[in-house]
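S.K.: If you scroll down you'll find the structure; I have some questions about it.
Bear in mind that the values in this text are calculations on the coordinates, not laboratory data. Computed from a predicted structure; not experimentally measured. Positions of Cβ are backbone-derived with ideal geometry, glycine not excepted, and every protein chain shown enters the neighbour counts.
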Ligand SMILES: CC(C)(COP(=O)(O)OP(=O)(O)OC[C@H]1O[C@@H](n2cnc3c(N)ncnc32)[C@H](O)[C@@H]1OP(=O)(O)O)[C@@H](O)C(=O)NCCC(=O)NCCS
């Protein structure tokens, strides 16, 4: 498959069929190996997916590229209401961007990220995420932010936090992720 016939599919993460969820987690655990058996990872992800709609988190989507039965590129997105110095702000969370090792360097990573960002609209204008490879996203128009980031649960763990688009007017205060980081 070449970049010209690349097709990014949008799926509702909560109503994903088992086969697709399994294919997603096969890719995910290949890129980020887990100490847990694959079947456990799939079951936990499945259970978590059923519970994602809450006042803070909604509309979790998967953005994927298939090659036959396999999924070769994947990203997830969802709406989250964070707070900056106590002021609520809706953002589009970007998470779990990964491409199969055998399919890298063909534009699939960029394609799934851009597909996530195509969800931005007048209600949710900005995407927030963390990464260890900031320049992969900066070349697509994202920018690093330097706010202190807190959470009542697990905060961000990667070295960099970024927002997209770079032109977003972004306050300088403390971010409360209002839930686990992603
Ligand atoms: C990062 C990753 C998603 C890139 O996927 P990919 O399909 O190979 O990327 P693309 O082919 O779409 O690359 C698009 C551009 O980004 C650049 N790029 C790719 N990987 C990069 C990286 N790790 N760091 C910086 N730039 C990168 C490419 O050179 C390309 O630029 P060009 O068009 O000027 O040549 C993939 O390498 C991956 O799954 N890595 C392991 C998981 C990971 O780190 N995910 C990100 C978590 S935040």
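S.K.: Say R0 is 22 Å: what FRET efficiency, to the nearest 0.05, do residue 20 and residue 102 get from their beta-carbon distance?
M.R.: Numbers: r = 20 Å, r/R0 = 0.90.
Taking R0 as 22 Å, the efficiency between residue 20 and residue 102 is 0.65.
S.K.: May I pose another question? Ignoring everything except DSSP H segments at least 4 long, calculate the 222 nm mean residue ellipticity for the chain; use -39,500 (n - 2.57) per segment, divide by total residues, nearest 500. Intermediate results must be reported in sequence, preceding the final value.
M.R.: Values: 4 runs with 42 residues, N = 182.
So the calculated ellipticity at 222 nm is -7000 deg cm²/dmol.
S.K.: Now for a different question. Translational diffusion coefficient, Stokes-Einstein: compute it for the range 130-182 using the Kirkwood radius over C-alpha pairs as Rh, at 37 °C and 0.692 mPa s, and state it as an integer in µm² s⁻¹. It would help to have the intermediate numbers written out before the result.
M.R.: Details: Rh = 11.6 Å.
In µm²/s, the coefficient is 284.
S.K.: I've got another one for you. Quote the relative contact order of the chain in percent (integer), defining contacts as alpha-carbon pairs under 8 Å separated by 6+ residues. List each step's numbers first, then the result.
M.R.: Values: 338 pairs, mean separation 35.2, N = 182.
Computed value for the chain: 19 percent relative contact order.
S.K.: Restricting to Cα atoms and excluding each atom paired with itself, what does the Kirkwood estimate give for the range 67-164 in Å? Write out the running numbers ahead of the final one.
M.R.: Values: mean 1/r = 0.0690 Å⁻¹.
Taking the inverse mean of 1/r over all distinct Cα pairs, the range 67-164 comes out at 14.5 Å.
S.K.: Can I ask one more? First obtain the Kirkwood hydrodynamic radius of the range 3-176 from its Cα pairs, then insert it into the Stokes-Einstein equation at 10 °C and 1.306 mPa s, and state the resulting D in µm² per second as a whole number.
M.R.: On the way: Rh = 16.9 Å.
D = 94 µm²/s.
S.K.: Sticking with this structure for a sec: Please work out the FRET efficiency for the pair residue 123 and residue 166, using the Cβ-Cβ distance as r and a Förster radius of 25 Å; give the result to the nearest 0.05.
M.R.: Numbers: r = 20 Å, r/R0 = 0.80.
After rounding, the FRET efficiency stands at 0.80.
S.K.: Once you place label points 7 Å from the Cα toward the Cβ at residue 51 and residue 155, how far apart are they in nm?
M.R.: For residue 51 paired with residue 155, the spin-label model returns 2.4 nm.
S.K.: With axes computed from alpha carbons, what is the tilt in degrees of helix 18-31 against the longest principal axis of the chain, rounded to the nearest 10 within 0 to 90?
M.R.: 70
S.K.: Which residue, 13, 32, 117, tops the fluctuation ranking in a GNM of the chain built on C-alpha contacts under 10 Å?
M.R.: Fluctuation is largest for 32.
S.K.: Pick out which of 15, 102, 34 has the largest mean-square fluctuation in a Gaussian network model of the chain, springs linking Cα atoms closer than 10 Å.
M.R.: The residue that fluctuates most here is 102.
S.K.: How big is the C-alpha Rg of the range 5-97 next to the rule-of-thumb value 2.2 N^0.38 Å, as a ratio? Could the numbers behind the result be given before it?
M.R.: Numbers: Rg = 14.4 Å, N = 93, 2.2 N^0.38 = 12.3 Å.
So the range 5-97 has a normalised radius of gyration of 1.17.
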